1. In nm, give the distance between the simple-model label positions of ASN216 and ASP79, each being 7 Å from the Cα along the Cα-to-Cβ direction.
2. Rolling a 1.4 angstrom probe over the protein heavy atoms, how many square angstrom per residue are accessible across the chain?
3. Would you pull out the residues with amide H under 5 Å of LEU9's amide H, same chain only if 5 or more places away, H placed 1.01 Å from N?
4. Using a simple charge model, +1 on the beta-carbon of Lys and Arg, -1 on the beta-carbon of Asp and Glu, nothing else, what dipole does segment 73-186 show about its Cα centre, in debye to the nearest 20?
5. Restricted to Cα positions, what overall size does the chain have along the principal axes? Three whole-Å values, descending.
6. Does a label point 7 Å from the Cα of SER164, set along Cα-to-beta-carbon, have any residues of segment 17-56 with amide nitrogen under 16 Å, and which are they?
7. Can you give me the relative contact order of segment 27-113 as a percent, contacts being Cα pairs under 8 Å and 6 or more apart?
8. Given H placed 1.01 Å from N in the peptide plane, which residues other than close sequence neighbours of LEU160 have an amide H under 5 Å from its amide H?
Amino acid sequence: MGRTILILLGHPGAGKGTQARMIMGTLAIPQISTGDMLREAIADKTPFGCEAKAKMDAGELVSDAIVNGIVADRIQQEDCKNGFILDGYPRTVSQAETFRSQIGRGDCLSVIEIGADSERLRKEKRLVGRLMCPGCGEIYNQYSKVPKTDTICDICGKSLVHRSDDREDLILERFRTYREETFPLVKFYQDLGAYHQVDGMKPIYEVTKDILDIVNSVAACHNPPEEKRVRK
Ligand code: ADP
Ligand code: ZN
């Protein structure tokens, strides 16, 4: 059986990380967040991390060579053998082209854009209010998803952090980068027949349901019931 590969596309703040975390248990495949992996490389002060930091602090993209390399390594790991959820990758057409060579014939690929209105994301303070847990990766919001105790993670008890790039000025730059560099992926995946969209402005649980419905219907096409497979 092929792997279930889910690519989540969407504006910064659309909810890719939140949704990836909601569905990874249901699909029993891991979340691969290039943003999280780059932040770990920065914290570990690796050579990649130093190069990535300058770009991330400017709201720009890290070089394709670095992210292609970290994703290619990550998906070779044992826990990815049944599939994985990509959150934040590919982010350029060139990354998508590189990644395409890693998808096998039997793999079941769904690309889902979590559609969001950038004005509403700003009004709802989804990014300026975002708090992240450095321990377990849980995502909170100072205005809409407040942790039970001050700035402590409900799940693992670590102190929550505000991401250094979740600043008003950088957010505008990240939105611009998304429009210019990542948005062309919509057409790229439409042309491959793998593109779907959900409304990311709905409540979190509804968005999760919409995503799972799409993944299940794509899987059903790949693995039709026995009688449909029989050709006369
Ligand atoms: P968001 O989607 O909210 O911007 P991420 O955590 O996915 O947050 O990414 C944070 C930053 O990490 C991006 O602004 C970018 O600089 C870098 N980054 C993450 N993924 C990629 C990628 N696939 N290619 C290039 N840069 C990336
Ligand atoms: Zn935590």
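1. 2.5 nm
2. It amounts to 53 Å² per residue over the chain.
3. ILE112, GLU113, ILE114
4. My answer is approximately 220 debye.
5. 63, 37, 34
6. Output list for this probe position: 35-56.
7. It comes to 37 percent, rounded to a whole number.
8. ILE152, CYS153
The values are calculated or read from the model by the stated rules, or taken from the named source; none is laboratory data. Everything numeric here is computed off the predicted structure, so don't read it as measured data. In this analysis, Cβ positions are derived from the backbone assuming ideal geometry, glycine residues included, and neighbour counts consider all displayed protein chains. Surface areas here come from the heavy atoms of the whole protein model, side chains and all, with no ligands, DNA or RNA. Shrake-Rupley method; radii C 1.70, N 1.55, O 1.52, S 1.80 Å.
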